1. Mind listing whichever residues of region 149-167 are crowded, with 20+ Cβ neighbours inside 10 Å and either acidic (D, E) or not in a helix (DSSP H, G or I) (or both)?
2. When you look at A238, is it surrounded by 14 or more Cβ atoms within 10 Å (Cβ to Cβ) and among the aliphatic types (A, V, I, L, M), yes or no?
3. Restricting to region 121-135, give me the number of residues that are charged (D, E, K, R) and buried (at least 18 other Cβ atoms within 10 Å of the Cβ).
4. Within the set of pairs 6+ apart or on separate chains, which have a first residue in region 41-57 that is of a type outside the set (V, I, T), a second that is in a loop (DSSP other than H, G, I, E, B), and C-beta atoms under 7 Å apart?
5. I'd like the residue in region 85-123 that is small (G, A, S) and more than 21 Å from S51 (Cβ to Cβ) and, out of all such residues, is modelled with the highest pLDDT.
6. Output the number of residues of region 137-180 satisfying the condition of being under 20 Å from M108 (Cβ atoms) and among the hydrophobic types (A, V, I, L, M, F, W, C).
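The values are calculated or read from the model by the stated rules, or taken from the named source; none is laboratory data. The structure presented is a predicted model; accordingly, all values stated were derived computationally and were not measured. Quick reminder, even Gly has a Cβ in these numbers, built from the backbone with ideal geometry, and neighbours come from all protein chains shown.
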Amino acid sequence: MTNPTKHFFPSPRTLTRAKLAPITTLARAHIDPYAPMDPNHFGSVLDQPGSIHTVQQVHAQILFHNVSSFLSLTIKLVRAYAILGHDKEAGQVFDGVSERNVVLCNSMIRGYVKNQHYREALLLYRDMVGFGVYPDKYTFPCALKACSGVNGLELGLQIHGVSVKLGCDYNLFVGNALMAMYAKCSDMDQATKVFESMKHRDVVSWNTVVAGYAQNGFFGEALEACKEMEIHGENPDAGTLCVFKQ
């Protein structure tokens, strides 16, 4: 059985000439050969990257020291580049990993969605199974938000079906994302069905259904949902009130 945590950072010997050039440039520009090789320190810096220059410095050190056994660093590097809006660099790191796990895929998908590259996020979601990786409760909210971004109701329906098969549809965050996707795609019937099927709801659940009704012109239903929200012990918050100010 393949070890799902096995991975590698590509060394210059394993890179093609096309990939070698940008990495070599990166290393020459930012590497400090006298800096200590401390994976924990690298990880801490990547958790709060601050600037692209900082991330590039850490990236260069990782390549220079050939830290090839820390998948957590790969994931943090992808996240750091994505947080700063550098999806291209995040994608280069991602593409250099031979065996990917769901956390790495989720990080890349989340990065695409954060930077509104919704089609790229959905393509990666599609390709996950080809990597031998199956989506989980953290994948679906990002993939569904990407569907909302491209008004992709049909694909959203397919993703909903997969979430049901994998037993993730009853997760609170997946349920909220499903409602938001259906509402954005103007299918309030499905959004309401998801809402009514949820075993657990939070203020985000209520705000999502209220916003969905209002955004689709069902203002009476939105007000009724606000009343029901209070009956069920959830107090309207700033997010609820913003719906009616738009």
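1. G152
2. When the stated conditions are applied, A238 does not pass them.
3. Counting residues in region 121-135 that are charged (D, E, K, R) and buried (at least 18 other Cβ atoms within 10 Å of the Cβ) gives 0.
4. Partner pairs satisfying both residue conditions: P49/L84.
5. My answer is A121.
6. Residues flagged as under 20 Å from M108 (Cβ atoms) and among the hydrophobic types (A, V, I, L, M, F, W, C) within region 137-180 amount to 15.
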